[in-house]
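Right, one structure below, let's go through it.
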Amino acid sequence: HFTLPEGQIADITAQVNTLANEGLARAIEDLNAAGSCDDSKQSEELLYERLTDVFSNHKKGQLVNAIISGDIPRTVIPLKESIYSEWSIWNGFLLGRKGAAKSPLALFPLIKIGNVVVGVDKLEHMFGMGQIYFKKHYLEDKPLVPVLKNGIFKEKTFLGGNMLATGVFSYADLSANFNGMRFWNHMLQKRDDVLGAQHNAGPYLFCREGKWAKNEERLIDLRAYVDATMQESMNCSKFA
């Protein structure tokens, strides 16, 4: 975000949206081959479990892995050429340790979606922590504020913002979590968007006559979620 002009960051809006919609189509095909669907909570949860094969972190998610592996363009900035080049273990162990520069995940590649430049880790937060927020708030009926506070606690601890982790407390990560909650809610759009019904983007699929079907009139467009609050040079981080 700070090292290169935005014009040098790969704009992958079209490619990432294609991956998202193709991944959704494959998931629907697998789910329908495995059994039928209905309006039950169990059926809904099975859907989300299968979709994590597409929308998840680098350990599991096909979409994030396609970007990290270079199947589609991304911009890699070596750690030693970044603003964290002089980071020490006293700033944050995971970024300051000796082998950090060799890890492709120390600084995630940069991508551009719409007019926003983000690290690929923001998609991980959207899909992973965003699903946790979604399940706690919508499926378990937990109030929104405690759900958000739990996300802050995780960001302060094992997700980054302390000296034993990266040492970077990212407000942009928290925003990605929140927008990810909206993404998962839009999947079936059983409830209005938390920001208001005018922000409803789904449903992206629905259960019809016992089978999941893709909503061809509502395709996934990640520009609905990746906004300036997820760009760290706009929504600046705090350091341990």
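The values are calculated or read from the model by the stated rules, or taken from the named source; none is laboratory data. None of these values were measured; they are calculated from a predicted model. Neighbour counts are summed over all protein chains in view; Cβ atoms, including those assigned to glycine, are modelled from backbone coordinates with ideal geometry. The area values use the complete protein model at the heavy-atom level, side chains included, leaving out ligands, DNA and RNA. Shrake-Rupley method; radii C 1.70, N 1.55, O 1.52, S 1.80 Å.
Side notes on the structure shown:
- Search result, residues across region 197-211 that are part of a strand (DSSP E or B), of a type outside the set (A, V, I, L, M, F, W, C) and under 12 Å from D39 (Cβ atoms): R208
- Condition check for F108: within 14 Å of the chain's Cα centre (by Cα), of a type in the set (F, W, Y), open to solvent by 20 Å² or more (accessible area, probe 1.4 Å) and closer than 20 Å to N177 by Cα: yes
- Complete set of residues in region 212-231 that are part of a helix (DSSP H, G or I), buried (at least 16 other Cβ atoms within 10 Å of the Cβ) and out of contact with any Ser or Thr (no Cβ under 8 Å at 6 or more places or on another chain): A224
- Criterion (touching a Lys or Arg at 6+ places or on another chain (Cβ under 7 Å) and polar (S, T, N, Q)) met by exactly one of N91, N21, N32: N32
- Count of residues meeting criterion [assigned to a loop (DSSP other than H, G, I, E, B), touching a residue at least 60 places away in the same chain (Cβ under 8 Å) and open to solvent by less than 80 Å² (accessible area, probe 1.4 Å)] in region 1-17: 6
- Being exposed (fewer than 13 other Cβ atoms within 10 Å of the Cβ), touching a Gly at 6+ places or on another chain (Cβ under 8 Å) and outside any helix (DSSP H, G or I) holds for only one residue in D38, D53, and it is D38.
- Only one entry of A33, A20, A100 meets the criterion of being farther than 18 Å from A176 by Cβ, of a type outside the set (D, E, K, R) and open to solvent by less than 70 Å² (accessible area, probe 1.4 Å), and that entry is A100.
- Within region 138-164, residues that are part of a loop (DSSP other than H, G, I, E, B) have Cβ atoms under 8 Å from residues that are open to solvent by 80 Å² or more (accessible area, probe 1.4 Å) in these pairs: G161/K238; N162/K156; M163/W90; M163/F93; L164/F93, counting only partners at least 6 apart in sequence or on another chain.
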